[in-house]
2 protein chains.
Amino acid sequence: MRDDPTQSDQTDGEVARYPQTGRFLMGRGRTRMTPEERRVLEDTAMAVKDYPARHHLVRRGEPVDSSMMLIEGYVTRYMDDREGYRQLVSVHVPGDFVDLHGFPTGRLDHDIGTLGPVKVALFDHQALVGITERHPTLTRFLWFATLIDAAMHREWIFRLGRLGAEGRLAHLFCELYARLEMVGLAQDGQFDLPLTQPDLAEACGLTGVHVNRTLRTLRERGLLTFKNGRVEILDHRGLCTTAEFNSDYLYSDCGVWKTS
Amino acid sequence: MRDDPTQSDQTDGEVARYPQTGRFLMGRGRTRMTPEERRVLEDTAMAVKDYPARHHLVRRGEPVDSSMMLIEGYVTRYMDDREGYRQLVSVHVPGDFVDLHGFPTGRLDHDIGTLGPVKVALFDHQALVGITERHPTLTRFLWFATLIDAAMHREWIFRLGRLGAEGRLAHLFCELYARLEMVGLAQDGQFDLPLTQPDLAEACGLTGVHVNRTLRTLRERGLLTFKNGRVEILDHRGLCTTAEFNSDYLYSDCGVWKTS
DNA sequence: CGGAGGTTTGAGAGGCGTCAACCTCCGTGG
DNA sequence: CCACGGAGGTTGACGCCTCTCAAACCTCCG
């Protein structure tokens, strides 16, 4: 559990010092934030809340006056089509400032819900206005965080537009592993992912049935297994190739997945 | 040419006063920017440059120290897959701050190129730092602008994940009409669009051949025509239905396309 | 023990891709 | 003035990937 001294210790120490925001931008230039900026951000968090699995957090269109940073668990953002079929537009991991974009926009154009049980920290928008007035550098870090989301959106567009079923699933697993690894929540190609096969289908523009067949193919090719909410990557080189995955878009500064 | 007094006059007056940035956030809360903020932004523009059609503007990965606002013409952002097939991730119209996201991030995760001939205004990142230090409200407007791009990305994910060929093309045309109409560059369901059928295919995750067949279907259904870079929407209600289009995500404050 | 949700597998249909041919348009150059 | 070439548009034949519909099975849990 503590075999990896450098990464895990660094992660744990930071999370101990900043229990609510310790994973924010970790692996992406968090180290370039000053201790004061980290402290200001941590102290801006208002309340910590827990929510159960499969719980609605924000509905499309409703005005928002606070934003959530994810501390533990997984959250997804999604949109429904006319017949009620979902399309996930993002999956969030601890350290993500899930709906910070609601601060400049004032409302959201999509729904937000939990996957597994989660813990989030709330940030009042009034307090964020204070940050933009007194801490321009920290403001640019926050802005940057919302732009990483945009970069991931672009990659999802690429995935849906240009890859087949195998590539789409492989790409999703590559992305999640890279992101979880950055915040110290994945090691040795393994990580938890509280998704069902229909959930994966909604993320990849496929049907549950076809996801099932495609997962079998990936398993038979020796690339990965996915069972009971646990992902085990067996051949990450091969998985990256199938996914046409290049982690540049994650703006990581410690990437082990630089597979240009 | 000047049949629409309200919209066109408003547009023209604003563009006369702010020749480089007059269309920025037009139809999206530009009116909530103070005259001083508009002036500061206009005066921050360094140089105006012209580029020919089908010209590379920025390459993936290279460091950037300035950003472009589009004044005239069309620009696209795109990514290439392993075999060189493109996926467009956005199409930009005048008033768009095309690569403002390069300011907080310092580099881009995709390529940018012109479609037709364009005119752009350059903004030095050093000058933008100055804005974040002295104009927090204007900073939030700039941030907001980058988040509209993210909202459009999400809608593109939905389009590719959940719609068939007809819906994808219809959705793209709905979006472009709504955006061009906001900045005074589309009326009566008509607008210019310097794209080929293969270009549309790259935007919609289809092949050129299938785009051709699908355009014919849309034409036969009496929804729209697309010929020689000119779009004519014949039945926008029907087009919106086919596209499952709802313009909320464009954050317009004057939308005629509110088709919940 | 029974039911619900998720997983797995099969059979058949359809949407979109691939390959190929031919067309028009238009700029270039002999 | 006409020949030529290239890019984009159009249409047809065929095949594959993915969807749809269906049923069986499995596991968890009340």
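The values are calculated or read from the model by the stated rules, or taken from the named source; none is laboratory data. Bear in mind the structure is a predicted one, so any value in this text is a computation, not a measurement. We place every Cβ from the backbone using ideal geometry, glycine too, and count neighbours over all the protein chains shown. Calculation scope for accessible area: heavy atoms of the full protein, side chains included, ligands and nucleic acids excluded. Shrake-Rupley method; radii C 1.70, N 1.55, O 1.52, S 1.80 Å.
Every test in (1) over 20 Å from the mean Cα position of the chain (by Cα); (2) modelled with pLDDT of 95 or more; (3) within 23 Å of B:Leu88 (Cβ to Cβ) is passed by A:Ser260 save one, and that test is (2).
Would you check if there is a residue in segment B:120-142 being part of a loop (DSSP other than H, G, I, E, B), out of contact with any Cys (no Cβ under 6 Å at 6 or more places or on another chain) and more than 9 Å from chain A (Cβ to nearest Cβ)? Yes. Quick check: anything in segment A:85-101 touching a His at 6+ places or on another chain (Cβ under 8 Å) and either open to solvent by 10 Å² or more (accessible area, probe 1.4 Å) or of a type in the set (S, T, N, Q) (or both)? Within segment A:85-101 (the criterion being touching a His at 6+ places or on another chain (Cβ under 8 Å) and either open to solvent by 10 Å² or more (accessible area, probe 1.4 Å) or of a type in the set (S, T, N, Q) (or both)), the answer is yes, since at least one residue qualifies.
Just one residue in the set B:Arg213, B:Arg237, B:Arg230 is out of contact with any Gly (no Cβ under 6 Å at 6 or more places or on another chain) and away from DNA strand D (no atom under 16 Å from the Cβ); that residue is B:Arg237.
Restricting the search to segment A:94-119, which residues are in a strand (DSSP E or B) and of a type outside the set (Phe, Trp, Tyr)?
Listed by number, the residues that qualify are A:Arg107, A:Asp111, A:Ile112, A:Gly113, A:Thr114, A:Val118, A:Lys119.
When B:Glu202 is tested against (1) of a type outside the set (A, V, I, L, M); (2) open to solvent by less than 20 Å² (accessible area, probe 1.4 Å); (3) assigned to a helix (DSSP H, G or I), exactly one condition is not met: (2).
Quick grid of which residues meet (1) within 18 Å of the chain's Cα centre (by Cα); (2) among the basic types (Lys, Arg); (3) open to solvent by 10 Å² or more (accessible area, probe 1.4 Å):
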site: A:Thr11; (1), (2), (3): yes, no, no
site: A:Met26; (1), (2), (3): yes, no, yes
site: A:Arg60; (1), (2), (3): no, yes, yes
site: A:Asp65; (1), (2), (3): no, no, yes
site: A:Tyr74; (1), (2), (3): yes, no, yes
site: A:Arg77; (1), (2), (3): yes, yes, no
site: A:Val118; (1), (2), (3): yes, no, no
site: A:Ala121; (1), (2), (3): yes, no, no
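Scanning segment B:79-98 for residues that are more than 9 Å from every other protein chain (Cβ to nearest Cβ) and aromatic (Phe, Trp, Tyr) turns up just one, B:Phe97.
Hey, could you check segment A:145-186 for residues that are aliphatic (A, V, I, L, M) and at the interface with chain B (Cβ under 7 Å from one of its Cβ atoms) and say which is surrounded by the fewest Cβ atoms within 10 Å (Cβ to Cβ)?
Taking the candidates together, the pick is A:Ala151.
If I ask for residues that are part of a loop (DSSP other than H, G, I, E, B) and within 16 Å of DNA strand C (Cβ to nearest atom), which ones from segment B:145-188 would you list? The answer is B:Leu163, B:Gly164. Applying the criterion of being open to solvent by less than 30 Å² (accessible area, probe 1.4 Å) and touching a strand residue (DSSP E or B) at 6+ places or on another chain (Cβ under 7 Å) to the residues of segment A:206-231, the residue that is nearest to DNA strand C (Cβ to nearest atom) is A:Leu215. When segment B:189-199 is filtered for residues that are open to solvent by 30 Å² or more (accessible area, probe 1.4 Å), of a type outside the set (D, E, K, R) and not in a loop (DSSP other than H, G, I, E, B), the ones remaining, listed by number, are B:Gln190, B:Gln197, B:Pro198.
Does A:Leu169 meet the test of being more than 16 Å from DNA strand D (Cβ to nearest atom) and within 27 Å of B:Val89 (Cα to Cα)? Spelling it out, it is not the case that A:Leu169 is more than 16 Å from DNA strand D (Cβ to nearest atom) and within 27 Å of B:Val89 (Cα to Cα).
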